[in-house]
């Protein structure tokens, strides 16, 4: 539930396969699927009903409220600095996405409040994507983050992406452990001793 800085170039070069040509634009569009796909319902252990769906422009205000519910520490661990609020302009950019370069999902409750948000920023030159994830502090450790990441991974594989990656503060052990349960690898970030790059290979 933040405004990412956008895709960044990995510190180590990522090379395309010599045997697979770049996906054509038509193929990418087919892999996107239906942006208006129906929400997928699921129920938490306490019986609370939620649903997962793609983000849309009408979510801007709910996204701002969701960001306001994050603790200052959650914001710092995700953005690496303090941010007091999500502006209307930033919320609009995050909800009016380009489906060729961004995949974004939200988990919402029965009132339409966003309880989790995750997205991929795709570098179409390398077929890799940077991920971002945030969960409402009152809904952490209930499987929402895992459900969102699993959906991002499914979509990434459908688009024939090679890898999902993200930089995490070394002190953020919760995220590092979670990433390991998804099968992600840990790598040092040259020149940034306080950061860990997590990489989830999707294809050889």
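State whether the residues of the range 78-89 include one that is closer than 21 Å to residue 163 by Cα, in contact with a strand residue (DSSP E or B) (Cβ under 7 Å, 6 or more places away or on another chain) and buried (at least 23 other Cβ atoms within 10 Å of the Cβ).
No: zero hits.
Considering only the range 122-132, state which residues are under 10 Å from the mean Cα position of the chain (by Cα) and either assigned to a loop (DSSP other than H, G, I, E, B) or modelled with pLDDT under 95 (or both).
Narrowing the range 122-132 to residues under 10 Å from the mean Cα position of the chain (by Cα): 129-132.
Selection gives 132 alone.
Quick one: residue 124 ticks every box in (1) in contact (Cβ under 8 Å) with a residue 40 or more places away in the chain; (2) touching a helix residue (DSSP H, G or I) at 6+ places or on another chain (Cβ under 6 Å); (3) surrounded by fewer than 23 Cβ atoms within 10 Å (Cβ to Cβ) except a single one, so which number is it?
In the conditions (1) in contact (Cβ under 8 Å) with a residue 40 or more places away in the chain; (2) touching a helix residue (DSSP H, G or I) at 6+ places or on another chain (Cβ under 6 Å); (3) surrounded by fewer than 23 Cβ atoms within 10 Å (Cβ to Cβ), residue 124 misses (2) alone.
When the residues of the range 51-68 are narrowed to those that are crowded, with 16+ Cβ neighbours inside 10 Å and in contact with a helix residue (DSSP H, G or I) (Cβ under 7 Å, 6 or more places away or on another chain), which ends up nearest to residue 99 (Cα to Cα)?
Ranking the candidates gives 55 first.
Does residue 37 count as at pLDDT 50 or above, within 27 Å of residue 90 (Cβ to Cβ) and part of a loop (DSSP other than H, G, I, E, B)?
yes
Does any residue of the range 95-106 turn out to be assigned to a helix (DSSP H, G or I), modelled with pLDDT of 95 or more and closer than 29 Å to residue 48 by Cα?
The answer is yes, given that some residue of the range 95-106 is assigned to a helix (DSSP H, G or I), modelled with pLDDT of 95 or more and closer than 29 Å to residue 48 by Cα.
Residue by residue, here is whether (1) in contact with a strand residue (DSSP E or B) (Cβ under 8 Å, 6 or more places away or on another chain); (2) surrounded by fewer than 15 Cβ atoms within 10 Å (Cβ to Cβ) holds:
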{"position": "135", "(1), (2)": "yes, no"}
{"position": "141", "(1), (2)": "no, yes"}
{"position": "166", "(1), (2)": "yes, no"}
{"position": "178", "(1), (2)": "no, no"}
{"position": "194", "(1), (2)": "yes, yes"}
{"position": "199", "(1), (2)": "yes, no"}
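Kindly indicate whether residue 92 is out of contact with any strand residue (DSSP E or B) (no Cβ under 8 Å at 6 or more places or on another chain), more than 27 Å from residue 177 (Cβ to Cβ) and modelled with pLDDT of 95 or more.
Spelling it out, residue 92 is indeed out of contact with any strand residue (DSSP E or B) (no Cβ under 8 Å at 6 or more places or on another chain), more than 27 Å from residue 177 (Cβ to Cβ) and modelled with pLDDT of 95 or more.
Residue 119 fails exactly one of the following numbered conditions: (1) touching a helix residue (DSSP H, G or I) at 6+ places or on another chain (Cβ under 9 Å); (2) within 28 Å of residue 41 (Cβ to Cβ); (3) in a helix (DSSP H, G or I). What is the number of that condition?
(3)
The values are calculated or read from the model by the stated rules, or taken from the named source; none is laboratory data. Note that the structure is a prediction, hence the values are computed from the model and not measured. Cβ: placed from backbone, ideal geometry, glycine included. Neighbour counts: every protein chain shown.
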